[in-house]
Amino acid sequence: MGLTACGVSPGSFGSLGLERSCGVLELLDPGTRAHSIRVMRLSLSLGRALDLPEESLGLLGLSALLHDVGKVKVPDWVLQKRGPLSPVERSMIQMHPSAGAAILRAEGFCDQVVLGALHHHERFDGWGYPEGLRGEEIPFFARIIAVADAFEAMTSRRPYRNAMGHRDALEEILHHRFDQFDPALAEAFAEVCGFVRPEGSCFTELPDTPNMPHGDLMHSIRVPEVH
Ligand SMILES: [Fe+2]
């Protein structure tokens, strides 16, 4: 697959990173590949707004592009299932960050790339997975990818639901800054998207909104351990 067609300069990945990432991407089904490319673009937009140096942008792009590669280890019938997941199915999906990190390590990617993928489902409040890291314990790339991933998932149409509008998705991300997302990154992302709330401020207290289904969509809470 041609990464230049995704709007990415191969130079920013380095030739080795480019070659390896193409090989790993080939493992993914077309839907996950398309999602991954959009998450990479959104992550890079946020990274550029944060003035990350070019070398970091290259690594961030790789990590975002490959963040879901562990889904190759999850059976299709679980990934495609419509409706609520059983605890066992949920735990099968929740193994994908660790599986992905193992694949990326075996392919020789550096720690920053691996850790971005390993921790992209951690939550800022510590209730994410796989390790329940909280706040700034969560690697920086993973906190960026978490915001981009949630926005992409909410604004994409799936066979079982319509896409959420961009404005609603950004409201949702801002609503969950502090619990799910790094607040500074959630706010910077809203700014990157040119989001201005009607009252003229992006970041005033948001009104209570009903719980949106994105928690399920992102299967974002750890599976409770069964003893
Ligand atoms: Fe994921």
Original post:
For residues in the range 102-127 being closer than 17 Å to Met40 by Cα and part of a helix (DSSP H, G or I), which is nearest to the ligand (Cβ to nearest atom)?
Top reply: Ala117
**OP:** Filter the range 84-101 down to the residues that are touching a residue at least 60 places away in the same chain (Cβ under 8 Å) and not polar (S, T, N, Q), then identify the one that is nearest to the ligand (Cβ to nearest atom).
**Re:** Ile93
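If you scan the range 30-54, which residues turn out to be in contact (Cβ under 8 Å) with a residue 24 or more places away in the chain and of a type in the set (Asp, Glu)? Walk me through it before giving the result.
Residues of the range 30-54 in contact (Cβ under 8 Å) with a residue 24 or more places away in the chain: 32-33, 35-47, 49-50, 54.
Residue satisfying the conditions is Glu54 alone.
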Original post:
Quick check, is Pro130 within 13 Å of the ligand (Cβ to nearest atom) and outside any helix (DSSP H, G or I)?
Top reply: yes
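To keep it simple, each residue is scored yes or no on (1) more than 25 Å from Lys81 (Cβ to Cβ); (2) surrounded by 15 or more Cβ atoms within 10 Å (Cβ to Cβ); (3) at pLDDT 95 or above; (4) among the β-branched types (Val, Ile, Thr).
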| residue | (1), (2), (3), (4) |
| --- | --- |
| Ala163 | no, no, no, no |
| Glu199 | yes, no, no, no |
| Phe203 | yes, no, no, no |
| Asp216 | no, no, no, no |
| Val223 | no, yes, no, yes |
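Would you tally the residues in the range 129-185 being of a type in the set (Gly, Ala, Ser) and farther than 17 Å from Leu52 by Cβ? Walk me through how you get there before you give the answer.
First, pick out the residues of the range 129-185 that are of a type in the set (Gly, Ala, Ser): 132, 135, 142, 146, 148, 150, 153, 156, 163, 165, 169, 184.
Now restrict to residues that are farther than 17 Å from Leu52 by Cβ: 132, 135, 150, 153, 156, 163, 165, 169.
Here the count works out to 8.
Anything in the range 61-78 that is under 16 Å from the mean Cα position of the chain (by Cα), within 16 Å of the ligand (Cβ to nearest atom) and outside any loop (DSSP other than H, G, I, E, B)? List them, or say none.
To start, the set of residues in the range 61-78 that are under 16 Å from the mean Cα position of the chain (by Cα) comprises 61-71.
From what's left, within 16 Å of the ligand (Cβ to nearest atom): 62-71.
Leu62, Ser63, Ala64, Leu65, Val69, Gly70, Lys71 - these are the residues of the range 61-78 that are under 16 Å from the mean Cα position of the chain (by Cα), within 16 Å of the ligand (Cβ to nearest atom) and outside any loop (DSSP other than H, G, I, E, B).
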**OP:** All but one of (1) surrounded by fewer than 19 Cβ atoms within 10 Å (Cβ to Cβ); (2) on the phi < 0 side of the Ramachandran plot; (3) within 18 Å of the chain's Cα centre (by Cα) hold for Leu104, so report the exception by its number.
**Re:** (1)
Original post:
In this structure, is Ser36 modelled with pLDDT of 95 or more, assigned to a helix (DSSP H, G or I) and within 13 Å of the ligand (Cβ to nearest atom)?
Top reply: no
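The values are calculated or read from the model by the stated rules, or taken from the named source; none is laboratory data. Given the structure is predicted, the values throughout are model-derived calculations rather than measurements. Quick reminder, even Gly has a Cβ in these numbers, built from the backbone with ideal geometry, and neighbours come from all protein chains shown.
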